[in-house]
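Following this message is one structure expressed as structure tokens.
The values are calculated or read from the model by the stated rules, or taken from the named source; none is laboratory data. Here the structure is a predicted model, which means the values were calculated and not measured. When we count neighbours, we look across all protein chains shown, and the Cβ atoms used for this are built from the backbone with ideal geometry, even at glycine. Note: accessible area is taken over every heavy atom of the protein model, side chains too, but ligands, DNA and RNA are not part of it. Shrake-Rupley method; radii C 1.70, N 1.55, O 1.52, S 1.80 Å.
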Amino acid sequence: MTPQLTYYDLGPRVVAFSTTRHGGVSTGSYGTFNINGYCGDQPEAVAENRRLLATELPVADVMHIVLPHQVHDSVVKIIDEASLGRQDMLEGVDALVTRQTGVCIGVSTADCIPIIIYDPLHHCAAAVHAGWRGTVRRIVERTVRLMEDAFQSDCSQMRAVIGPGISLKNFEVGQEVYDEFLSAGFPMERIAARYGKWHIDLPLCNRLQLENTGVRPENIYDAGICTYDRVDDYFSARRLGIASGRIYTGIVLK
């Protein structure tokens, strides 16, 4: 079996992608390709899917596929050689940055928004998990600032991908969620709409954060894939329930 991936073109020195639901060995609501071991899938299926992904990517082995245990917060972790294989260092982490070659950093989502950021000038990268809580806490901005501090990145040179996630029309929220975005200073006239209840545009919220940090609009690519609408190809927790698989969106520096 071969994992079917959605690839993004960020340059010749990187491989950037999102997994789909196809090309693995998981079954039921995890079928068929899930590498996340935190969502209830069979451990042997997760292990085999990780092996398949490592074979597909330019990484040495499964230990070089880094996946944090996300908690919908705004903690960002630097991945270096010393942290490889240290899952204890990935607890409560929702974004990763690295300049380590041959290592795949990535995040899991199933309606939340995955963001990949690449700085070709300093050859460093980030993978961000932005659910609504992480978005409100401006995890994308935090990640970009860490890349600046740790790797001297220049925002104007960065390239970014907004991967598969839930769209405005399908992300219905309560008044309390709307109020949090309002209190956090988001332009509600741009990112919210009311169809009986409030809806929030999470992809746009994260695009605006990227732009606010100095990433050029023309360097931001939005995959335009709504996980809720395309549940046959991408996992959606709102459609399948939380006991289901996760998309893995990652990047490898060559």
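Taking interchain pairs and intrachain pairs at least six residues apart, which have beta carbon atoms under 6 angstrom, with the first residue in the range 112-129 and more than 29 Å from I242 (Cα to Cα) and the second part of a loop (DSSP other than H, G, I, E, B) and open to solvent by less than 20 Å² (accessible area, probe 1.4 Å)?
Filtered contacts from the range 112-129: Y118/L10; D119/S153; D119/M158; P120/G11; H122/S153.
Another question about this same structure. Testing E189 on (1) under 21 Å from Y8 (Cβ atoms); (2) surrounded by fewer than 19 Cβ atoms within 10 Å (Cβ to Cβ); (3) of a type in the set (D, E, K, R), one condition comes back false. Which one is that?
Answer for E189: the failing condition is (1).
Within the range 84-127, can you find the residues that are within 25 Å of G40 (Cα to Cα) and of a type in the set (S, T, Y)?
Across the range 84-127, the qualifying residues are S108, T109.
In the range 1-27, what residues are outside any loop (DSSP other than H, G, I, E, B) and either under 14 Å from I65 (Cβ atoms) or in contact (Cβ under 8 Å) with a residue 40 or more places away in the chain (or both)?
L5, T6, Y8, V14, V15, A16, F17, S18, T19, listed by residue number.
Here's a follow-up. Restricting the search to the range 236-251, which residues are under 14 Å from Y30 (Cβ atoms) and either of a type in the set (S, T, N, Q) or within 13 Å of the chain's Cα centre (by Cα) (or both)?
Scanning the range 236-251 gives S236, S244, R246, I247, Y248.
Assuming A60 fulfils every condition listed in (1) buried (at least 18 other Cβ atoms within 10 Å of the Cβ); (2) free of Cβ contacts under 8 Å to residues at least 60 places away in the same chain; (3) in a loop (DSSP other than H, G, I, E, B) apart from one, which condition is it?
(1)
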